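Right, one structure below, let's go through it.
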Amino acid sequence: MIALLWLGVVVPPIIDGSIIPKQVQHYTTLIVQAFDLGLLLPAAFVIGILTIKKNPLGYLLITIYMIFLSILMTALVSKILFMANFGANVVPVIFIIPVITIVSITFSVILLKNIK
């Protein structure tokens with residue numbers, strides 16, 4: 001979901017030839033999108049593959065990653081709510097991010113309950 005959300009910001013300017021997304025504003029980089037697409041999502045895929053293969057490192061990393069994701073998404077929901085309060089357009093993230101937050105918190109609780 002996040003990859004599609006951020007690729008929806010990054011790809012259209014490349015296709016229409018403007019190259020630079022309007023969300024860049026006065027910055028040089030879309031840092032959130034860069035971290036998500038370049039670091040966090042690839043890490044999630046690697047950790048997921050390790051966990052599916054029942055690799056002990058996968059179990060360790062998925063617990064850490066899910067707790068990190070829970071904290072990050074909770075902060076992001078707060079940010080989105082404050083942005084909406086100030087009149088910013090928060091669609092579609094107002095629907096996507098809370099779902100990811102609930103899922104990550106649920107998985108974190110399940111993982112922590114099953115530690116032996």
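The values are calculated or read from the model by the stated rules, or taken from the named source; none is laboratory data. Bear in mind the structure is a predicted one, so any value in this text is a computation, not a measurement. Methodologically, a virtual Cβ is constructed for each residue, glycine included, from the backbone with ideal geometry; neighbour enumeration extends over all protein chains shown.
If I filter segment 80-100 down to residues being part of a loop (DSSP other than H, G, I, E, B) and not aliphatic (A, V, I, L, M), which single residue comes out as farthest from Gly8 (Cα to Cα)? So that I can check it myself, show each step before the final result.
Keep residues of segment 80-100 that are part of a loop (DSSP other than H, G, I, E, B), which gives 86-92.
Imposing the further condition that a residue be not aliphatic (A, V, I, L, M) reduces the set to 86-87, 89, 92.
Working: Phe86: 24, Gly87: 22, Asn89: 15, Pro92: 11 Å.
Checked segment 80-100; the qualifying residue farthest from Gly8 (Cα to Cα) is Phe86.
Summed over segment 1-48, residues that are of a type in the set (Val, Ile, Thr), over 25 Å from Pro98 (Cα atoms) and surrounded by 10 or more Cβ atoms within 10 Å (Cβ to Cβ) total 2.
What is the one condition in (1) surrounded by fewer than 13 Cβ atoms within 10 Å (Cβ to Cβ); (2) among the hydrophobic types (A, V, I, L, M, F, W, C); (3) in a helix (DSSP H, G or I) that Val77 does not satisfy? If we test Val77 against (1) surrounded by fewer than 13 Cβ atoms within 10 Å (Cβ to Cβ); (2) among the hydrophobic types (A, V, I, L, M, F, W, C); (3) in a helix (DSSP H, G or I), just (1) comes out false.
Among (1) part of a helix (DSSP H, G or I); (2) loosely packed, with under 14 Cβ neighbours inside 10 Å; (3) not β-branched (Val, Ile, Thr), which single condition is Lys54 missing? Failing condition for Lys54: (1). Evaluation of Leu61 against the conditions (1) at pLDDT 95 or above; (2) of a type outside the set (D, E, K, R); (3) within 15 Å of the chain's Cα centre (by Cα) shows that the sole unmet condition is (3). Of all residue pairs spaced 6 or more apart or on separate chains, those with beta-carbon atoms under 7 Å, a first member in segment 67-86 that is within 13 Å of Ile102 (Cβ to Cβ) and a second member that is among the aliphatic types (A, V, I, L, M) and surrounded by 15 or more Cβ atoms within 10 Å (Cβ to Cβ) are Ser70/Ile105; Met73/Ile97; Met73/Ile100; Leu76/Ile97; Val77/Ile97.
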